[in-house]
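Student: One structure is given below, represented as structure tokens, and several questions about it will come after.
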Amino acid sequence: MVLITEELVRKKSEHNERLISTLEEISLHQEDIEVIEHIQNWCRDLKILLLQSNLIGRLENLHKLKRLEYLNVAINNIERVENLEGCESLGKLDLTLNFIGELTSVESLCGNHNLRELILIGNPCVDYPHYREYVVGTLPQLNSLDCVEITPSERLQALRELAKNRAIVVQKQTDQAIERDEQRIRVAEQQSALAQHCAGIDDEEERIKAFWQAKSEHCPEIRTEIARQHRLGRERHETKSALDPPKRERNLFAPCGRPYNLNQGKLPFNFQDEADHYLLQLEVYRHLDTSLIDVDVQTNYTRVTVKKKIFQIAYNEEVKPDESTVQRSQITGHLMVTLKKLKVNELLTTKKSQGKSSAPSDTEKMAGKQEEKLRAVVDISNICPPADLPDLI
């Protein structure tokens with residue numbers, strides 16, 4: 001059984017800096033809570049309490065919440081309305097999809113003079129004859145029932161016929177109570193038989209399959225058992241995950257201390273080696289908040305962490321971290337890192353100066369053409385021997 005603990009309440013009150021004494025709103029939905037407790041002692045100033053999608057079987061321990069204006073306990077196991085008389089400021093009560101069959105229990109809300117909205121959709125009682133007329137006549141302070149506005153003429157008609165409608169409702173809810181008692185006995189027998197059947201199955205997967213394939217009824221007991229099976233399944237999964245071998249941590253450096261090149265986020269990048277600096281352009285996500293980006297510039301590598309994924313690049317020459325700059329484009333969102341070198345590369349500087357030299361003169365062009373002619377192919381067919389050359393012996 002899941003309990004309402006102080007740790008849970010503080011966790012759900014992060015919007016109030018985890019302070020629970022001044023809390024005005026809290027949501028404890030989908031927590032498999034079965035009992036309402038402690039809330040009225042820890043959070044006296046609550047105005048909104050959301051407890052939908054749990055396993056709560058009874059409305060209780062709420063009478064100290066004098067400022068409570070909205071209570072949502074939809075999709076629970078509640079079978080009657082009770083113990084809300086002390087909630088003097090209650091203006092809206094949502095009981096959607098519960099198991100309320102005792103419709104006359106709404107008479108306990110007569111003292112809640114600020115109650116304006118009541119929702120009972122999905123409960124067995126809504127199928128009773130004259131259900132709406134009875135509730136409207138019993139609670140004249142309501143403005144809407146089941147999200148439908150109550151008109152003045154409807155209210156007058158319901159008040160005139162309240163006694164007759166109440167007698168019909170009492171008879172119908174008595175029949176429903178008998179059916180509910182029979183259902184409890186029948187479901188208990190079905191669960192016992194299913195437990196015996198599953199006990200005879202050795203394979204765990206087959207036992208789980210047998211439970212989910214068994215026929216079941218819609219009732220609080222079955223909802224509680226289904227939630228328990230879900231909880232056991234999660235625990236089994238967590239146990240198996242704990243037994244799995246831990247993921248190998250990626251090393252950022254070689255055993256010799258040399259930094260590795262990494263790109264866990266597979267981000268496109270461009271790295272340029274200039275004469276006096278390195279230029280790194282990293283294409284981070286355009287709409288990513290800058291607070292999720294961390295840049296660490298070191299003498300022989302730069303590491304950029306983007307949403308906990310590491311981009312690391314090493315370089316051959318040392319840089320000056322204190323003189324390097326990091327900028328981000330406001331248009332593309334790309335990251336531009338300029339890394340000033342510790343020693344200027346004179347070779348790159350010479351090549352760059354040569355590339356920027358003036359155009360060659362006409363004399364240089366003529367010399368170049370002559371050199372090309374001298375390096376051309378020689379036609380040996382036109383070479384004639386001199387006349388005085390003796391014959392070969």
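Student: Of the GluC sites (Glu not before Pro) in region 160-220, which ones lie in a loop per DSSP and count no more than 10 other C-beta atoms within 10 Å?
Tutor: Passing sites in region 160-220 are Glu217.
Student: Residue farthest toward the positive end of the dipole of region 54-104, with Cβ of Lys/Arg at +1 and Asp/Glu at -1: which of Leu71, Phe99, Gly57?
Tutor: The one lying farthest along the dipole's positive direction is Leu71.
Student: Where does each of 8-16, 277-285, 289-297 land if you order them by average Cβ count within 10 Å, highest first?
Tutor: With the highest mean Cβ count within 10 Å placed first, the list reads 277-285, 8-16, 289-297.
Student: If one computes the Cα centroid of region 5-70 and of region 136-160, what distance in Å separates the two points?
Tutor: If you average the Cα positions of each part, the centres end up 30 Å apart.
Student: How high is the relative contact order of region 1-133? Use alpha-carbon pairs under 8 Å, at least six apart in sequence, and give a whole percent.
Tutor: The normalised contact order for region 1-133 reaches 17 percent.
Student: Gain in length, Val344 to Phe269, computed as 0.36 nm per residue apart minus the alpha-carbon separation, to one decimal in nm?
Tutor: Residue separation times 0.36 nm, minus the Cα-Cα distance, leaves 24.6 nm.
Student: Just to confirm the filter: which trypsin sites (Lys or Arg not before Pro) across region 251-349 are DSSP coil and have at most 16 other Cβ within 10 angstrom of their Cβ?
Tutor: Lys266, Arg286, Lys307, Lys308, Lys343
Student: Only loop residues by DSSP count here, and only those with at most 12 other Cβ atoms within 10 Å; note down the trypsin sites (Lys or Arg not before Pro) in region 130-218 that meet that.
Tutor: Taking region 130-218 and a limit of 12 other Cβ atoms within 10 Å, the loop trypsin sites (Lys or Arg not before Pro) found are Lys215.
Since every read-out is calculated from the coordinates, none of them should be taken as a lab result. All values reported here derive from a predicted model rather than from experimental measurement. Ideal geometry is used to build each Cβ from the backbone, glycine not excepted, and the neighbour counts take in all protein chains shown.
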